[in-house]
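The values are calculated or read from the model by the stated rules, or taken from the named source; none is laboratory data. What you are looking at is a predicted structure, and each value in this text was computed from that prediction instead of being measured. Methodologically, a virtual Cβ is constructed for each residue, glycine included, from the backbone with ideal geometry; neighbour enumeration extends over all protein chains shown. Side chains included, ligands, DNA and RNA excluded: accessible areas come from the protein's heavy atoms. Shrake-Rupley method; radii C 1.70, N 1.55, O 1.52, S 1.80 Å.
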Amino acid sequence: MSIVTLRHIVATSGVQFGTSGARGLVSSMSDAVCYAYAQAFLRAVPSASNSVVLGHDLRPSSPAIAAACAQAVRDAGKEVVFVGALPTPAIAYYAAVRGAPAIVVTGSHIPFDRNGIKFYREDGEISKQDEQAMLDAEVTAGSGAGAAALPAAIAEPAQAYLRRYVDVFGAAALAGMRVAVYEHSSVARDLLGTILEALGASVLPLGRTDEFVPIDTEAVRAEDIERAARWAAEHTFDAIVSTDGDADRPLIGDEQGRWLRGDIVGILCSQYLAADHVVTPVSSNTAVERCGLFKEVVRTRIGSPYVIAGMEQAAAAHAQGAVVAGYEANGGFLLGSDIARNGAVLKALPTRDAVLPIVAVLAMARERGCLVSEVANALPPRFTASDRLQEFATDLSRELIARLTGDPAQAGQLLAPQSGELVHVDTTDGLRMSFANGDIVHLRPSGNAPELRCYAEASTQQAAEALCRACLDRIAATRTLGK
């Protein structure tokens, strides 16, 4: 065994930091690589706690990766607090309550042949600066083989996460509502239903499977769109809800099984919580500015670490008591402030959460006495769509975006030839172009997989979807022709 930096491990394994946490092919995430990542975290992001909270999602590869991380924790002289298979935000919340760092093994929504590891300080997700410190940390190459079995999981974190919502929103918050839960392979499939029932809802479980389903809440699969509509026709419910694999991104559908866009969910949740300052990536719907509901809207690069940094800056710049919140276009919601409600306090949780926006949207519909399909009616009529080209190498995505950035005329013809004159270019994260008719098209490489992502915004949902699909079709065609 030799001493190297984590940067060396990254270069030789291909497992690297993405938009949130480390990601890589399962075949590349050996015991030694995962041990090195955990060791670098413990050395570069020091904590006074003598324990580390550890959990994972339901991917078949996750327990073995967690075992390697646990061995690194033990070898560092710290106690492993193993919570088993739990939602990522539940693990992060328990770690914050306990005052301990956390390691979560999850690939979130990315393809089945991949997985990942997320790292948390006592106060939330690690920053991009923390990631750089980890890359520079010295680790022991080749360690981690023969990791000991994981200990028994404790039950306390799941109960703490449930009480977080029931204590604040109350046992009758969703009384009288019938909510379908699309369970698939989400790590929250049991706990989400339990929380909704504890809030007074009647729960209809649907679609459980032991085969991992890579739910991407920004690019909902055609089969999940069809499935939700079919279930709505077969059953009677007020809403259908689900999450991605590690339950930090929500899927919320109305009584007809139509999925709400995540960036609209973010606006609604921010409104329900009476947020003053809202932070969201540049890819999110412009209705957040147009609605006039918030004192300030801050735009960032895509990825929860950037949203968290923006939230921290907003909190520092404004008076104590101001409510700071953030969300991503995938619907994951981040709470930057404590909120007093019903004689209890909803504690800040600056990491993506799926349960809070689900509860907020459903409670909003119940309190207003309206259908879930009607909760967004008062927002400006702006609609978004997103999709991706899979197996599109990151280097190729970057080359394409660099070429288009240098040739706006060509970019306009490729992205949106029917949308009129190009009026604004934003390179905060990728290439985002606004056109004379109000259309917006945004391209960027995925930070988690070899995919080129496209985000589109228009005045109708149909137009946004057509804009997104046509842009990706043109790019795919030029790629096939070798242009």
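Take the conditions (1) crowded, with 24+ Cβ neighbours inside 10 Å; (2) modelled with pLDDT of 95 or more; ASP244 misses just one of them, which is (2). Pick from ARG388, ARG352: which is surrounded by fewer than 24 Cβ atoms within 10 Å (Cβ to Cβ) and basic (Lys, Arg)? Within the list ARG388, ARG352, the selection yields ARG388. THR106: free of Cβ contacts under 8 Å to residues at least 24 places away in the same chain and more than 15 Å from ALA147 (Cα to Cα), yes or no? Answer is no for this residue.
With the condition kept exactly as written, say whether any residue in region 37-51 is more than 18 Å from GLU125 (Cα to Cα) and surrounded by fewer than 20 Cβ atoms within 10 Å (Cβ to Cβ). Yes, region 37-51 contains at least one residue that is more than 18 Å from GLU125 (Cα to Cα) and surrounded by fewer than 20 Cβ atoms within 10 Å (Cβ to Cβ).
Of the residues making up region 398-420, not a single one is in a strand (DSSP E or B) and more than 23 Å from THR280 (Cβ to Cβ). A single member of THR236, THR243 is of a type in the set (Val, Ile, Thr) and farther than 24 Å from ALA85 by Cβ, and it is THR236. The listed residues are ALA239, ALA228, ALA201, ALA188, and the only one of them that is within 23 Å of ILE110 (Cβ to Cβ) and either in contact (Cβ under 8 Å) with a residue 60 or more places away in the chain or under 17 Å from the mean Cα position of the chain (by Cα) (or both) turns out to be ALA188. Among the residues of region 182-196, is any among the charged types (D, E, K, R), part of a strand (DSSP E or B) and within 25 Å of LEU273 (Cα to Cα)? Within region 182-196 (the criterion being among the charged types (D, E, K, R), part of a strand (DSSP E or B) and within 25 Å of LEU273 (Cα to Cα)), the answer is no, since none of the residues qualifies. When the residues of region 169-216 are filtered to those that are within 25 Å of LEU389 (Cβ to Cβ) and out of contact with any Ser or Thr (no Cβ under 8 Å at 6 or more places or on another chain), the one that is most open to solvent (accessible area, probe 1.4 Å) is PRO214. Condition test on ARG368, is it surrounded by fewer than 24 Cβ atoms within 10 Å (Cβ to Cβ) and more than 15 Å from LEU260 (Cα to Cα)? The answer is yes for ARG368. Among the residues of region 439-483, those that are in a helix (DSSP H, G or I), open to solvent by 30 Å² or more (accessible area, probe 1.4 Å) and either of a type in the set (D, E, K, R) or farther than 19 Å from GLU421 by Cα (or both) comprise GLN461, GLN462, GLU465, ARG469, ASP473, ARG474, ALA476, ALA477, THR478, ARG479, THR480, LEU481.
Counting only strands (runs of 3 or more DSSP E) that sit wholly inside region 254-344, those with at least 3 residues that are buried (at least 23 other Cβ atoms within 10 Å of the Cβ) are 277-281, 324-327, 333-335.
Look at VAL4 and say whether it is touching a residue at least 12 places away in the same chain (Cβ under 8 Å) and in a strand (DSSP E or B). In short, yes. If I filter region 373-380 for residues that are touching a helix residue (DSSP H, G or I) at 6+ places or on another chain (Cβ under 9 Å), open to solvent by 10 Å² or more (accessible area, probe 1.4 Å) and free of Cβ contacts under 8 Å to residues at least 24 places away in the same chain, do I get at least one hit? Yes.
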